[in-house]
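What follows draws every value from the coordinates through simple rules; no lab data is involved. This structure is a prediction, so every number in the text was calculated from the model and none was measured. So basically every Cβ, Gly included, is an ideal-geometry build from the backbone, and we count neighbours across all protein chains shown.
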Amino acid sequence: MEAAPTTAERTLRLAGDPDASFALIARDGGEVEILTGPVVDVELLADIPLTGPDGAPREVLALVPYRQVRERGFEAEDDGTPLRCLLVDEHGRVSADEVLAALPSATIPLTDAGFDLSDEEYAAIVRRVIADEIGRGEGANFVIRRDYVAGVDADARTAALTWFRALLEHERGAYWTFLIVAGDRLLVGASPEAHVVATANGDGSSTVTMNPISGTFRHPQGGATVETLSAFLRDTKETEELFMVVDEELKMMSAVCSDGGRITGPHLKEMSRLTHTEYMLRGTSRLDPREILRETMFAPTVTGSPMQNAYTVIRRHEATPRGYYSGVAALFTPDADGGHDLDAPILIRTAYLEHGRLRVPVGATLVRHSDPYGEVSETHGKAAGVLGAIGAVPRAAKAADDDAPAVPRRLADDPDIAQLLASRNARLAPFWLEEQAPGAGPLAGHSALVVDAEDRFTTMLAHQLRHLGLEVRIAHWSEVTDAELDAAELVVSGPGPGDPRDAANPRIARMRQVVAHRRERALPLVAVCLSHQILADAAGIDLVALDSPHQGVQLTVDIFGEPAAIGFYNTFTARVEAGTTRTGETEIAADPTTGDVYALRGPRFASIQGHLESILSRDGIRTLGRLAEHALTS
């Protein structure tokens, strides 16, 4: 009598069915989850069908394309990539060893392989972004991608199963290792990063976690050592880039979580050939998981900051639409209370098979000191890493732990490495590292209107103001009315990208009106970053571009007699003659050597150049309280 087919064998038969849709997901290394069911396309995240025809909750795996950010009013080319949902009828599990034994392993040859953009073309884009975007105050960093493409003559599903097997066998430390076949969309990859996870608490709330990762240490031949990893961890550029990413994701956490989000870490994510540095952010939310996903589109590690402007910059400079690259694969799983848990990794380190062509999108994070050919090299390294991991090209070098025991030694356990990681937090704001106990703050009984100038640092500002005791509402610059400005007890005019001198820009023009409206009526005002520069300009203080922009830089400065460690993200500054401390009724706190203005205050107003809400502002919450109290009571 013929033996019943194993689960892995049944999966192979399913893979051979051209009409079948399924997903293979490895999340813990020991098991592979097998999800099967039909697919449907929907228009909006809110349309993801989390209930079946009988009204009962059901499991859904949604492929969320990059273009979905248009839901939030952000710019993205509509390339038609669908928001595709696998409606899970069956969810099984099988051991990884059984899957490895059943999947094909023969090398899949590639033809006509290379990047869609030449190295020179990509280097030219890097130069333009640095000069025209970062150099003009449009943001701190931007991720610009190009695609490695090749022909694949083999059957697409056979190729994908082969590559999934290679990942399962050789990769370790990935958050998700996956193969998704959803109609004509086929993706295989090993994502290192959980973008957002929401887990039900049983009381109608969810614990939301985000996992900002920045910094990639490529293991040298022979493997990583304490010495080589230590040199990487001491790199100031790598450290500051991670802090910038954490700031961006805290903006999202503050928008979806009532408690703003608490930071833990930093940690190491150790993979077979790479090690990343990361933090974990945790908070509590009562939003529908689809709304949580909507408010967190997408990770700054694959877009840039400030986020809204990053999408505009990407559209200006990327040659082709992104498809699913930098989107998420979002698994909605019914919980015991009738809701859904959410697990959504970023779609990076992913290969796509489309019409007989392999496509591997890779991006580099461009900052003010980027070297164009260094960023070119970064894309080559990332593409080679993905292609080598899936076995599409020979692996460059044998990783030291390819033949390691099942539980390899973790460099994070080394005391010197642990101390290096822990030392990073000495620079950070305790406000975001510690539990934020509820209770009445020192400014209880007051209220504030925060005007958003397209930098979601305003969500973090609002959270800190609430912690100080104020009742807070956020209004977008294009929607706030003069009547609202008149009615507000305190207006906090927020930060944003761009040149504060550009009166032709509608956003800059409106923020000038906001500041002028409050000042003309002597109504309490706190102005931050861009708005601080606008306030300085109105006071007759010169505005200039910095020779070297401050992007994610911590400075200890004197704020009206009190030293404060503050994070700065600015390309422009107000500047006075060194030693100037006052102009008219306006008191000035400025650098004694350069004359760069850090803060202003006068009757019913105060301003700050830095971002008191940033994790880099160790003294941020205290300084914000001082400025708000001055504006309300002076």
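Laid out as a table, the results:
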read-out	value
For the range 377-391, 3J(HN,Hα) per residue [Karplus equation, 6.51 cos²θ - 1.76 cosθ + 1.60, θ = phi - 60°, Hz, x = Gly/Pro]	4, 4, 5, 4, x, 5, 5, 4, x, 5, 5, x, 5, 8, x
Residues whose placed amide H lies under 5 Å from that of Y325, excluding near-sequence neighbours	Y66
Acute angle (nearest 10 degrees) that the helix 236-256 long axis makes with the longest principal axis of the chain, alpha-carbon atoms	90 degrees
Dipole magnitude of the range 437-633, debye to nearest 20 (Cβ charges: Lys/Arg +1, Asp/Glu -1, about Cα centre)	280 debye
Mean separation of Cα contacts under 8 Å, 6 or more apart, over the residue count of the chain: relative contact order %	14 percent
Cβ charges +1 (Lys, Arg) and -1 (Asp, Glu), total dipole of the chain, debye	920 debye
Backbone HN-Hα couplings from phi across the range 106-121 [Karplus 6.51/-1.76/1.60, Hz, Gly and Pro as x]	5, 4, 9, x, 10, 10, 6, 8, x, 7, 5, 10, 5, 4, 5, 5
Globularity index of the range 7-397, i.e. its alpha-carbon radius of gyration over 2.2 N^0.38 Å	0.94
Anisotropy class of the range 25-131 from Cα gyration tensor, a/c 1.5 cut	oblate
Listed residues Y66, G323, A310: farthest to the positive end of the dipole of the chain (Cβ charges)	A310
222 nm mean residue ellipticity, helices alone, for the chain (DSSP H n ≥ 4; -39,500 (n - 2.57); rounded to 500)	-8500 deg cm²/dmol
At most 14 other Cβ within 10 Å, DSSP loop - chymotrypsin sites (Phe, Trp or Tyr not before Pro), the range 17-117	none
For the chain, with +1 on Lys and Arg beta carbons and -1 on Asp and Glu, the positive-most of G30, M252, A487 along the dipole	A487
Fraction of antiparallel bridges per DSSP, the range 437-633 only, in percent to nearest 5	60 percent
Percentage of interatomic Cα-Cα distances in the range 437-633 larger than 28 Å	16 percent
Dipole-positive endmost among V514, L242, T277 within the chain (Cβ charges, Cα centre)	V514
Longest DSSP-loop-exposure-free segment, GluC sites (Glu not before Pro), the chain, at most 13 other Cβ within 10 Å	44-433
